[in-house]
Amino acid sequence: METTKKVTMANVNLNDPAELALLHEHQDALFAERKEAILVKLKRDGLMNGEGNFVFNEPLPADMQPDSPADFKH
């Protein structure tokens, strides 16, 4: 019976392309799970709408208003 090694950053053989590919697949899956959890939390907390845009309930400070003369050239 063939056993599959759990590949992590601590034990990956960098000279084995198959292990490296397996590590990348595992990391991609973890990152996708984390991203989805963050998006769900942002939407649940009312900070992001259904289209993925951030929602701000508080007014912006004067220097961040669209008609503000402030800039970042200083």
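Calculated from DSSP H runs of 4 or more alone, at -39500 (n - 2.57) each and per residue, what is the 222 nm mean residue ellipticity of the chain, nearest 500?
Details: 1 runs with 28 residues, N = 74.
After summing the helix terms and dividing by residue count, I get -13500 deg cm²/dmol.
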Revision key, fill the gap. Calc'd 3J(HN,Hα), segment 14-30, phi into Karplus 6.51 cos²θ - 1.76 cosθ + 1.60 (θ = phi - 60°), Hz, glycine/Pro = x, comes to 5, 8, 10, x, 5, 5, 5, 5, 5, 4, 5, 4, 5, 5, 4, 5, 5
**Study point:** Selected from F54, A10, P66, residue furthest toward positive end of dipole (the chain; charges at beta carbon)
**Key:** A10
Exercise for review: Treat each spin label as a single point 7 Å out from the Cα along the C-beta direction, and report the D28 to N13 distance in nm.
Suggested key: 2.2 nm
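If we sort 61-69, 7-15 on the protection proxy, mean other Cβ atoms within 10 Å, highest first, what's the order? List each step's numbers first, then the result.
Details: 61-69: 8.2, 7-15: 10.7.
Ranked by mean Cβ neighbours within 10 Å, highest first: 7-15, 61-69.
How many lysine pairs are close in the chain, with Cα atoms under 30 Å apart and the two 8 or more places apart or on different chains?
Numbers: K5/K35; K6/K35; K6/K41; K35/K43.
For the chain, qualifying lysine pairs total 4.
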Revision key, fill the gap. Spelling it out for M48: with amide H atoms placed in the peptide plane at 1.01 Å from N, the residues 5 or more places away or on another chain with amide H under 5 Å from its amide H are K43, V55
Study note, to complete from the structure: Calc'd 3J(HN,Hα), segment 55-67, phi into Karplus 6.51 cos²θ - 1.76 cosθ + 1.60 (θ = phi - 60°), Hz, glycine/Pro = x, comes to 10, 10, 8, 9, x, 6, x, 4, 6, 10, 5, x, 9
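All of the numbers you see were taken from the coordinates with simple rules; none came from a lab. In this text the structure is predicted, and so the values were computed from the model without any measurement. Cβ atoms come from the backbone with ideal geometry, glycine included; neighbour counts cover every protein chain shown.
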